[in-house]
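> Below you'll find the structure I mean.
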Amino acid sequence: MTKVAETRNELVQLRSDMVAEVGSGPIAVVMTMGALHAGHVELIRQARSRARAVMVTDFLNPLQFAAGEDLSKYPRTFDNDLTLCRQEGVDLLFAPTPEVVYPDGEPVVRVSSGPVGNLLEGDSRPGHFDGVVTVVAKMLHLTGAQLAYFGQKDAQQLWLIKQMVGDLDFSVDVIAVPTVRAPDGLALSSRNTYLSDVDRSCALTLYRALVSGADASPLGVEGVLRAATAVLESEPGVRLDYLELVDPETFEVVKPGYRGQALLLVAAFVGTTRLIDNVIIRIPATPDGA
Ligand code: AMP
């Protein structure tokens, strides 16, 4: 039975009850902003397969939204989230308000996401990643988890969290979970609920572009970008924010002659909804036409 903690005291109490019940062994956390879907469920399932107990955090973090973004209209489906957590055997759901997480108001001292935090998503959403890594640091402290599961869907966020954990010596294992997609390929996202039927078919263009890019990997970096761009430009309902190939180790944008594993990342607006997606590709050692 999933227990629900809303305050810090409840969290401390229910966490210690949980530890007493399950005995020793790693505790996992899955951090979410609520509006849970099958992508979140996959994180929970992977966490359950390895951990003694699983905690989920359900917190819409104001610190990672800039003015004018969708904080106020972000979907809130707490009853459904709790039902899903119960179905998935989550031990403890921590669902605090901003006042519980930030009792003194916005934190004066924050974690800096560094140079990579200002690229791509960070360039389009200034301050976003400082807000993300700050709340992740707090939630790691509050939950005391030894395992933390994050989705590859948010590849830059995942990279920054792994970097923070290493750079700042957090004692937690970060586990990446592949992107869960709808049968037609659309990456699941809480923001998909904003999409009308017409928007949704435009949104699928992002995935189609990534697949086209991946298929063009024998043509090298420029071939990949050209193929993906052509698909994105074929759909007038999609307004591109960025399309980039980065080195998965450093998150630096790769140069034309690059070979090896690369992350093809896209961000675009469909109507007023901003969506992101990515795939991992491999650019072979001797691209065609090189
Ligand atoms: P969010 O609630 O959107 O902040 O996401 C919470 C966690 O779920 C993050 O680690 C996301 O990367 C992950 N996540 C969201 N959507 C997906 C998906 N389609 N597949 C895998 N993980 C996801």
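> Checking Glu69 against (1) more than 18 Å from the chain's Cα centre (by Cα); (2) not in a helix (DSSP H, G or I), which test does it fail?
(1)
> Being over 20 Å from the mean Cα position of the chain (by Cα), open to solvent by 40 Å² or more (accessible area, probe 1.4 Å) and at positive phi is true for just one of Gly260, Gly271. Which residue is that?
Unique residue meeting the criteria: Gly271.
> Exactly one condition in (1) part of a helix (DSSP H, G or I); (2) within 16 Å of Leu84 (Cα to Cα); (3) in contact with a Ser or Thr (Cβ under 9 Å, 6 or more places away or on another chain) is false for Val29; which is it?
Condition (1) is where Val29 drops out.
> A further question follows. Based on this model, can you work out whether Glu42 counts as under 23 Å from Val180 (Cβ atoms) and either open to solvent by 80 Å² or more (accessible area, probe 1.4 Å) or within 13 Å of the ligand (Cβ to nearest atom) (or both)?
yes
> Continuing with this model, one more query. Might you check whether a residue that is at pLDDT 95 or above, surrounded by 14 or more Cβ atoms within 10 Å (Cβ to Cβ), on the phi < 0 side of the Ramachandran plot and not in a helix (DSSP H, G or I) occurs anywhere in segment 77-85?
Looking through segment 77-85, at least one residue is at pLDDT 95 or above, surrounded by 14 or more Cβ atoms within 10 Å (Cβ to Cβ), on the phi < 0 side of the Ramachandran plot and not in a helix (DSSP H, G or I).
> Output the residues belonging to segment 11-20 that are open to solvent by 50 Å² or more (accessible area, probe 1.4 Å) and touching a residue at least 60 places away in the same chain (Cβ under 8 Å). Give the derivation first.
At the first step, the residues of segment 11-20 found to be open to solvent by 50 Å² or more (accessible area, probe 1.4 Å) are 12-13, 15-17, 19-20.
Arg15, the sole residue that qualifies.
> May I ask you to say which residue of Ala28, Ala5, Ala35 is open to solvent by less than 20 Å² (accessible area, probe 1.4 Å), away from the ligand (no atom under 16 Å from the Cβ) and touching a residue at least 60 places away in the same chain (Cβ under 8 Å)?
Answer to the selection: Ala5.
> Being part of a helix (DSSP H, G or I) and under 21 Å from Asp154 (Cα atoms) narrows it down to one of Ala268, Ala214, so name that one.
None of the others qualify; the one that does is Ala214.
Condition check ((1) on the phi > 0 side of the Ramachandran plot; (2) within 23 Å of the chain's Cα centre (by Cα)) across all residues:
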site: Thr2; (1), (2): no, no
site: Arg8; (1), (2): no, no
site: Val12; (1), (2): no, no
site: Pro26; (1), (2): no, yes
site: Met31; (1), (2): no, yes
site: Ala35; (1), (2): yes, yes
site: Glu42; (1), (2): no, yes
site: Arg45; (1), (2): no, yes
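> On to the next question. From the list Glu222, Glu249, which residue is in contact with a strand residue (DSSP E or B) (Cβ under 9 Å, 6 or more places away or on another chain) and open to solvent by 40 Å² or more (accessible area, probe 1.4 Å)?
Glu249
> From Pro248, Pro256, grab the single residue that is more than 30 Å from Tyr74 (Cα to Cα) and touching a residue at least 24 places away in the same chain (Cβ under 8 Å).
Within the list Pro248, Pro256, the selection yields Pro256.
> I've got another one for you. For segment 134-161, what are the residues that are open to solvent by 30 Å² or more (accessible area, probe 1.4 Å), more than 16 Å from Met55 (Cβ to Cβ) and either touching a residue at least 40 places away in the same chain (Cβ under 8 Å) or away from the ligand (no atom under 12 Å from the Cβ) (or both)?
The answer is Gln152, Lys153, Asp154, Trp159.
> Give segment 228-245 a look and list any residue that's in contact (Cβ under 8 Å) with a residue 12 or more places away in the chain and either part of a loop (DSSP other than H, G, I, E, B) or open to solvent by 30 Å² or more (accessible area, probe 1.4 Å) (or both), or say none.
Thr229, Ala230, Ser234, Glu235, Gly237, Arg239, Leu240, Asp241, Glu244
> For segment 109-128, check the following and say yes or no: at least one residue is away from the ligand (no atom under 16 Å from the Cβ), of a type outside the set (A, V, I, L, M, F, W, C), in contact with a Ser or Thr (Cβ under 6 Å, 6 or more places away or on another chain) and more than 23 Å from Ala5 (Cβ to Cβ).
Yes - at least one qualifying residue is present in segment 109-128.
> Return the residue satisfying two criteria in turn: it lies in segment 179-200 and is part of a helix (DSSP H, G or I) and open to solvent by 70 Å² or more (accessible area, probe 1.4 Å), and of such residues it is nearest to the ligand (Cβ to nearest atom).
Among residues in segment 179-200 that are part of a helix (DSSP H, G or I) and open to solvent by 70 Å² or more (accessible area, probe 1.4 Å), the one nearest to the ligand (Cβ to nearest atom) is Thr193.
The values are calculated or read from the model by the stated rules, or taken from the named source; none is laboratory data. Quantities reported herein were computed from a predicted structural model and do not represent experimental measurements. All Cβ positions, glycine included, derive from the backbone under ideal geometry; neighbour counts span all protein chains shown. The accessibility values were calculated without ligands, DNA or RNA, using every heavy atom of the protein model including side chains. Shrake-Rupley method; radii C 1.70, N 1.55, O 1.52, S 1.80 Å.
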